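In what follows, a single structure is set out as structure tokens and then discussed.
The values are calculated or read from the model by the stated rules, or taken from the named source; none is laboratory data. Remember, predicted model here, so these are calculated numbers, not experimental data. Here the Cβ positions follow ideal geometry from the backbone for every residue, glycine too, while neighbour counts run over all protein chains shown.
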Amino acid sequence: MPYIAVTLASHQPFTDTQTQYLVQGITDVMEHTLRKKRHLVAVSVKLVDPSQWFIANKPLSESSVFMQVFLTAATNTDTEKAQALAELYALVDNLLGNLDETSYIVINAIPATDWGYAGKTQASRYTTVPHDYYIRQAHQLRNAAINKGLLNLKLKLTEFLGSRYKALLVRL
């Protein structure tokens, strides 16, 4: 899951097709660069009148973006986040053209205990595992190892004691 909030200001009209392109591109970056599940990527896009956007105390002369990416802390490396930031900036710059350098993209890494979806924190999703399944798997592996060890022991005893004690070993 990440949630991405995008605020854009541009002197050029922004179409529904451009919005779809932007959302598709953001979703692709989340999936391919940050390894997020595509079906959990949520994006909101808000357009702001450029007369209401200021850089260095001056009205916006070009296009600008403020994008916030919210994702779970410790799920991505610094390299992945830097790559995603570069890809997101390039995406918006390609879409709007003349993107002001003081356009910001912020990646907010939130502790797994502090957010989630469908009424569950991310931390609870990591700790809520099908325990019974893993316990059964562990028992099966343990039993297989014990059986293999017993078989090896029988073979070694047979070699050591010889064939006259084979009948005794069959009962073990």
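At a glance:
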| read-out | value |
| --- | --- |
| Candidates A74, A86, filtered to the one that is among the small types (G, A, S) and under 19 Å from A112 (Cβ atoms) | A74 |
| Residues that are among the hydrophobic types (A, V, I, L, M, F, W, C) and not in a strand (DSSP E or B), drawn from region 40-60 | L40, V41, W53, A56, L60 |
| Matching entry among L88, L34, L95 (being assigned to a loop (DSSP other than H, G, I, E, B) and of a type in the set (A, V, I, L, M)) | L34 |
| Matching residues in region 88-111 - criterion: being touching a residue at least 24 places away in the same chain (Cβ under 8 Å), farther than 19 Å from V48 by Cα and surrounded by fewer than 18 Cβ atoms within 10 Å (Cβ to Cβ) | N108, A109, I110, P111 |
| Within region 1-31, tally of residues that are farther than 17 Å from Y117 by Cβ and assigned to a strand (DSSP E or B) | 4 |
| Filter result for A118 (surrounded by 13 or more Cβ atoms within 10 Å (Cβ to Cβ), in the same structural domain as H39 (by TED's automatic domain parsing) and more than 26 Å from N57 (Cα to Cα)) | no |
| Single residue of region 98-125 satisfying the filter (part of a loop (DSSP other than H, G, I, E, B) and within 16 Å of the chain's Cα centre (by Cα)) that is farthest from K37 (Cα to Cα) | P111 |
| Residue count, region 96-109 (criterion: at pLDDT 95 or above and within 14 Å of F14 (Cβ to Cβ)) | 0 |
| Every residue from region 4-21 that is touching a residue at least 24 places away in the same chain (Cβ under 8 Å) and farther than 14 Å from A84 by Cα | A5, V6, T7, L8, A9, S10, H11, Q12, F14, Q18, T19, Y21 |
| Residue tally, condition surrounded by fewer than 16 Cβ atoms within 10 Å (Cβ to Cβ) and of a type outside the set (S, T, Y), over region 1-30 | 7 |
| Any hit, region 76-93, residues being assigned by TED's automatic domain parsing to the domain that holds G119, closer than 24 Å to R125 by Cβ, under 22 Å from the mean Cα position of the chain (by Cα) and small (G, A, S) | yes |
| Lone qualifier among Q18, Q24 - being of a type outside the set (G, A, S) and out of contact with any helix residue (DSSP H, G or I) (no Cβ under 7 Å at 6 or more places or on another chain) | Q24 |
| Within region 45-85, considering residues that are small (G, A, S) and over 22 Å from M1 (Cβ atoms), the one surrounded by the most Cβ atoms within 10 Å (Cβ to Cβ) | S64 |
| All positions within region 73-112 that are among the hydroxyl-bearing types (S, T, Y) and under 21 Å from P59 (Cβ atoms) | T102, S103, Y104 |
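Residue-by-condition table, conditions (1) in contact with a strand residue (DSSP E or B) (Cβ under 9 Å, 6 or more places away or on another chain); (2) modelled with pLDDT under 90:
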site: K81; (1), (2): yes, no
site: E87; (1), (2): no, no
site: R125; (1), (2): yes, yes
site: H131; (1), (2): no, yes
site: I135; (1), (2): no, yes
